[in-house]
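Contents: one structure, followed by commentary.
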Amino acid sequence: MKTLQSIQWLSLAMMFLLPVMVAGQPGMGQRQEQYRQMEAKRIAFITRELSLTPEEAQVFWPVYNEYNQKRNQMMIRHREERKVTADIDKLSESELMDLADEDIRNMEDMVALRREYHERFKQILPVKKVILLYNAERDFNRKLYHEGRGRQDSPGRRRN
């Protein structure tokens, strides 16, 4: 009888605590919002670093967004391919060779995409601003990395 009451109380407590615990976890909506905020910061950072005129921005951003979307899709596809073959200790020599070759093909695809959009960016912007774009992308990514490291190293979190 006492065990039954304990189970009922535990069940009741879990019904109230579970939604609170789940709400504290970053969900899809929260992640999407974080991604949107990061992209807004990226746009502001690149616009500022390139000193884009309104006319340049109007032509540049649709092309850049298309490039960024294709690049992100390639990276997601590559990550998914790597997940399938995560346990390389269980692969044969032939499968390992295919995996290594696929890695190189993915890099070549990324370079081809970069080259294609490099040519398009040169048609839209002065070459100096194209170079500033590449510098701004590197600087923004470095800034994100350091911000992430700062969160990781914050009190209460231990690094291994």
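We did not get these values from a lab; they are worked out from the coordinates using the rules stated. In this text the structure is predicted, and so the values were computed from the model without any measurement. Every residue, glycine as well, gets a Cβ built from its backbone with ideal geometry; the counts of neighbours run over all protein chains shown.
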**OP:** Under 13 Å from the Cβ of Glu108, count the other residues' Cβ atoms, weight Lys and Arg +1, Asp and Glu -1, and hand me the total.
**Re:** -2
Subject >> Charge sum, other residues only, whose C-beta stays under 11 Å from Tyr117's C-beta, Lys/Arg counted +1 and Asp/Glu -1 >> reply: +3
Subject >> Under 14 Å, Cβ to Cβ, from Val127 - net charge with Lys/Arg +1 and Asp/Glu -1 >> reply: +2
Subject >> Extent along principal axes [Cα atoms of segment 53-134; Å; largest to smallest] >> reply: 55, 17, 15
Subject >> Charge dipole (segment 53-134, unit charges on Cβ, about Cα centre) - positive-most of Ser92, Ile124, Gln69 >> reply: Ile124
